[in-house]
Amino acid sequence: MSGRKGTDDSMTLQSQKFQIGGFRVEEVLQQADYLYESGETERLYQLLIQHKDSEDAELLWRLARASRDLAQLSGTSAEEKKALVYEALEYAKRALEKNEASFAAHKWCAICISDVGDYEGIKAKIANAYVIKEHFEKAIELNPKDATSIHLMGIWCYTFAEMPWYQRRIANMLFAAPPSSTYEEALGYFQKAEQALLRRWKRLLPPPPRDLGARGPMCSVLRALSAMLRLLLALGYFQKAEQVREPLLLTACSLLLSTAAEVEEAPATATAATLASLDPNFYSKNLLLLGKTYLKLQNKKLAAFWLLKAKDYPTRTEEDKQIQREAAQLLAEFSGKN
């Protein structure tokens, strides 16, 4: 199960302002968040591992995340990866012990439990599924606006919807009520994740003019700007939503977003730059899984729509590149059959 960053993670309860190793916790967290957003995984881990004995939940779940991210790097050996995966889970558990009201601690605890399950066999993995689901549900309850938690709940549903028959048979033998789900449930969560990101964009933008009607030159100008902005965002021209400062572009973006949800074939979609300040990996994977889920549901038109978005999404991480390749392969297979 995959999960990387979300700016909302840093919006959990503020850390206590005490000293650790001569540094204030909040200063360490600021430096850690900067390194994380910069993709400096190894430097981030080296920074946070110095404070592994901290009692601060905010620092501990970040250390869990950094340990897991380091394990995911292609240069990490299999032995090192396993050690880091188990290490990450311990930090996540400690973060949860220190603050059960931290949605980020619940989220990363669930992710790390899932990772550990890959080393402990099918029985443990299925048994852990109940705990993982509870943590994701709690994370969403504590922060309904966190798109990453919603996305990960969608992955949980998708995983059990496509469980191979032999694993399902084992689950039925081992458990009276084994975990199960449907592609429809998974789709609902992936769509909600898109909508959560759209709402985040809207909070950054002013409302469209009240007197904007179907007639008049201003309407045409805004529509043209809206189309231009869509192109600029898709090309990654703006690296962060906060960089869109020009008033006309802001208004055009607001207009674009206010009408996006009305497009039946592309409900509540956000473009690449929308997620630059959130989680690039999560977002590209959400696009891919929307496409794959629609394929499972035999809706080829919408499957192609979302797979194309995943293929064209700007890559910023190794997993983004893997997702882009998978989307391109699915599209090629899709085109070949047609």
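Within the range 184-197, take every residue that is over 21 Å from Glu134 (Cβ atoms) and surrounded by fewer than 18 Cβ atoms within 10 Å (Cβ to Cβ) and give me the one that is modelled with the lowest pLDDT.
Within the range 184-197, the subset over 21 Å from Glu134 (Cβ atoms) is 184, 187, 191, 194-195, 197.
Then drop every residue that is not surrounded by fewer than 18 Cβ atoms within 10 Å (Cβ to Cβ), which leaves 184, 195.
Working: Glu184: 97, Gln195: 83.
Only one residue fits best here, namely Gln195.
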Could you check how many residues of the range 151-174 are open to solvent by 40 Å² or more (accessible area, probe 1.4 Å) and aromatic (Phe, Trp, Tyr)? 2
Could you list, in sequence order, the residues of the range 118-146 that are open to solvent by 10 Å² or more (accessible area, probe 1.4 Å) and among the small types (Gly, Ala, Ser)? Gly121, Ala124, Ala127
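Restricting attention to the range 20-29, which residues are open to solvent by 40 Å² or more (accessible area, probe 1.4 Å) and either touching a helix residue (DSSP H, G or I) at 6+ places or on another chain (Cβ under 9 Å) or at pLDDT below 90 (or both)? Before you say what the answer is, go through the steps one by one.
Taking the range 20-29 and keeping what is open to solvent by 40 Å² or more (accessible area, probe 1.4 Å), we get 21-24, 26-27.
Selection gives Gly21, Gly22, Phe23, Arg24, Glu26.
The values are calculated or read from the model by the stated rules, or taken from the named source; none is laboratory data. Remember, predicted model here, so these are calculated numbers, not experimental data. All Cβ positions, even for glycine, are placed from backbone atoms using ideal geometry, and neighbour counts span all protein chains on display. Surface accessibility is based on the protein's heavy atoms, side chains included, excluding ligands, DNA and RNA. Shrake-Rupley method; radii C 1.70, N 1.55, O 1.52, S 1.80 Å.
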